[in-house]
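Take a look at the structure set out below.
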Amino acid sequence: MSVCYEELPHHRILCIDMKSFYASCSAVMLELDPLTCYLAVVGDVEREGSIVLAASPQLKKEFGIKTGSRVFEIPKDPRIKIVNPSMAKYLEISTNIVKLLNEYVPLEDLHVYSVDVL
C-alpha cells in the first residue's frame, strides 16, 4: 500500500536540542565562551569515578570527553575546568528560553522533552 503524502496534513515542526546545555550554561556563568572553553559538568567533583553529565564542544573535540565519561578520564590539563552541576540555574535558564519561544509560538504548541531539549 502506497501513502500519498500530499493528502496528509502539513505542519511546520522545529526541534531544538540545546547543544551541551549544562556545559554551556556553566561556561557562561563562569564568564567563559561555551564554544571554545574546556569544561566538564560532573556529578560530584570530589569523586574520581563520578560521571560527566555534559562536556563543552571543545572538550569533546580535543580530548574525547563526553557525557558518560568518568572524571578520572579527564586529562590533568590546566585549561580544563571541572564543575558541579547547577540544576536550579539550568532549570531557570531553560524556563526563560521556553518563555521567549512562547512569545512567538502558543504554549500548547511547545512540547518540552527535557531541560535541554524543546
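From the coordinates of this entry, Rg and Dmax of the Cα atoms in Å is computed, and it appears in (1) 20.5, 52; (2) 15.8, 45; (3) 18.2, 61 under the label (3). I'd like the antiparallel share, as a percent to the nearest 5, of DSSP beta bridges with both residues in the chain. The answer is about 60 percent antiparallel. When exposed loop sites are taken as trypsin sites (Lys or Arg not before Pro) in a DSSP loop with at most 10 other Cβ atoms within 10 Å, the longest stretch of the chain clear of them is 13-75.
Segment 92-118 and segment 1-72 have Cα centres lying 17 Å from one another.
Remark: segment 1-47 carries a charge dipole of roughly 20 debye about the Cα centre, counting +1 on each Lys and Arg Cβ and -1 on each Asp and Glu Cβ.
Spacing of the modelled spin labels on Met1 and Cys15, each 7 Å from Cα toward Cβ, amounts to 2.5 nm. Listed by chain and number, the lysines whose C-alpha is less than 26 Å from the C-alpha of Lys76, apart from same-chain residues fewer than 8 away, are Lys19, Lys60, Lys61, Lys66.
Between the Cα long axis of helix 87-102 and the first principal axis of the chain there is an angle of about 30°, rounded to the nearest 10. Sparsely packed loop sites in segment 77-118 (the chymotrypsin sites (Phe, Trp or Tyr not before Pro) outside DSSP H, G, I, E and B with at most 15 other Cβ atoms within 10 Å) comprise Tyr104, Tyr113.
Electrostatic tally near Ser86: other residues with Cβ closer than 15 Å to its Cβ, Lys and Arg +1, Asp and Glu -1, net -2. When segment 56-118 is described by a simple charge dipole with +1 on each Lys and Arg Cβ and -1 on each Asp and Glu Cβ, the residue from Ile80, Thr95, Thr67 located farthest towards its positive end is Ile80. Comparing Ser86, Ser56, Ser20 in a Gaussian network model of the chain (Cα springs below 10 Å), the most mobile by mean-square fluctuation is Ser86. Please work out the FRET efficiency for the pair Ile82 and Ser114, using the Cβ-Cβ distance as r and a Förster radius of 25 Å; give the result to the nearest 0.05. For Ile82 and Ser114, the calculated efficiency is 0.60.
Where a number appears in this text, it was derived from the coordinates with a stated rule and is not lab data. The shown structure was predicted, so the numbers you read here are calculated from the model rather than taken from an experiment. Every residue, glycine as well, gets a Cβ built from its backbone with ideal geometry; the counts of neighbours run over all protein chains shown.
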